[in-house]
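The structure appears below as structure tokens.
Each reported figure results from applying straightforward, stated rules to the coordinates on display, with no laboratory input. This one's a predicted model, so the numbers in the text were calculated from it and none came from an experiment. All Cβ positions, even for glycine, are placed from backbone atoms using ideal geometry, and neighbour counts span all protein chains on display.
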Amino acid sequence: METMPYREGLDLQVVQPLSDQVISTDWRRGLPVLSGSRVTLRELRTSDAPSLLAMLTTEEVSRFISPPPTTVEGFERFIAWTLRQRSAGAYVCFAVTVTGSDTAVGIFQIRALEPDLETAEWGFAIGSAYWGTGVFKEGAELVVDFAFETVGIHRLEARAAVRNGRGNGALRKIGAVQEGILRQSFLRNGEYLDQALWSLLAEDWRGTTTAWEGRIH
């Protein structure tokens, strides 16, 4: 999800709520904690704003995503927006923390593309200090399993700039299928970039041996 659905100028907007056809859970009232051996995913907190500013605004992290907020206050508004969108049943954003620490080092996002949530888009941004450590792979498995098994999503899509070799490789590593190239579909720093479109299906995910082995508390 290189194009974040949040914009500071639109932080009072609420996306259309999802249909009641979605599997009934209490995630709209508050996200569960998803735990693995390396990472724990939890709801964002206002206190996460300083660490997210430090982790997600570096050049190596931000060059292939929509510009993140540039201040602590901007991230605080973003966090408040994520909570409103989650309550509306239209969007989910998990903070990524590593074992032994409660500091947010990144985020995973899911947003509805259809009112009945048959199809959704997901994305991620993780501090570069944690690249290549297994944090992404384990966090992604937790999030994807949550999307399919708890929320009831059928199809998850992701977009990654063709130039973003690390992002495309990460999606391939967890079993996503590249379906095509979206030409000049992402505007970044005044330049239109081609994106690869990736998908995961619930039925394929359940059939893999790499599916989630964590815990929901």
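Quick notes
- Annotation for ALA88 and ILE181: the two label points, set 7 Å from Cα along the Cα-Cβ direction, are 3.5 nm apart.
- Local net charge near SER47, Cβ-Cβ under 15 Å (Lys/Arg +1, Asp/Glu -1): -2
- Distance-filtered residues of region 69-109 - backbone nitrogen under 11 Å, label point 7 angstrom along ALA129 Cα→Cβ: 103-105
- Rounded, prolate or oblate (a/c below 1.5 giving rounded, otherwise prolate when a/b exceeds b/c) for region 100-158 by Cα gyration tensor: prolate
- Across region 80-93, computed HN-Hα scalar couplings (Karplus, 6.51 cos²θ - 1.76 cosθ + 1.60, θ = phi - 60°) run 4, 4, 4, 5, 5, 5, 5, 4, 7, x, 10, 6, 9, 9 Hz from first to last residue, x flagging Gly and Pro.
- For region 96-217, the square roots of the Cα gyration tensor eigenvalues, ordered a ≥ b ≥ c, give a/c of at least 1.5 with a/b no greater than b/c, which places it in the oblate category.
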